[in-house]
Amino acid sequence: MGKVLALDFGIKRTGIAISDEMKMIASGLKTLDTRELMAFLKDQIPKENIDTLVVGEPKHVDGQAMKLETNIKYFIEDFQELFPKVKVERMDERFTSKMAFQTMIDSGLKKKQRQNKALIDEVSATIILQNYLY
């Protein structure tokens, strides 16, 4: 059985989370420069036996799509050309950044650590993946 990879896609940075093979546990993997994302996926998809990619769907509070959605659609098109066998799913990502920040507070991270936007993106990807798995 393959694993699930989740993305909190952003213009500058993308947070990444991965599941275990049983698809029960979501773990933060890393955050990287979005320009490096496709090269990273080319390496990780076969290496980690990824069968599903979950991409966050950014929406405003009223449910309208954010501008970023256009970039995400282009990314998904490119991804599906490279990996036609990997299923792509979308998950509503409203409030995941706020939830990530609160999770960091609850886990006792110091203020300086909570200001790390890359860590917030990684935790957000983990929340997106948790929501997908459950």
**OP:** Could you work out how far helix 117-133 tilts from the main Cα principal axis of the chain, as a 0 to 90 degree angle to the nearest 10?
**Re:** 60
Subject >> Cut-off 18 Å (backbone N to label point 7 Å along Cα→Cβ of residue 76), residues of the stretch 6-22 >> reply: 6-11, 14-17
Original post:
Using a simple charge model, +1 on the beta-carbon of Lys and Arg, -1 on the beta-carbon of Asp and Glu, nothing else, what dipole does the chain show about its Cα centre, in debye to the nearest 20?
Top reply: 540
Subject >> Inter-label distance for residue 25 and residue 85, nm, one decimal - labels placed 7 Å from Cα along Cα-to-Cβ >> reply: 2.7
Original post:
Put +1 on the Cβ of each Lys and Arg and -1 on the Cβ of each Asp and Glu in the chain; which of 7, 119, 108 then has its Cα farthest toward the positive end of the dipole?
Top reply: 108
Original post:
Taking Cα atoms, how many degrees apart are the long axis of helix 68-82 and the longest axis of the chain, rounded to 10 and kept between 0 and 90?
Top reply: 30
**OP:** Have a look at 56, 108, 28 and tell me which one the Gaussian network model of the chain (Cα, springs below 10 Å) gives the largest fluctuation.
**Re:** 108
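Values quoted throughout were computed directly from the atomic coordinates according to the rules given, and no laboratory measurement underlies them. What you see is a predicted model; the values in this text were computed from it and never measured. Note: ideal-geometry Cβ built from the backbone for every residue, glycine included; neighbour counts use all protein chains shown.
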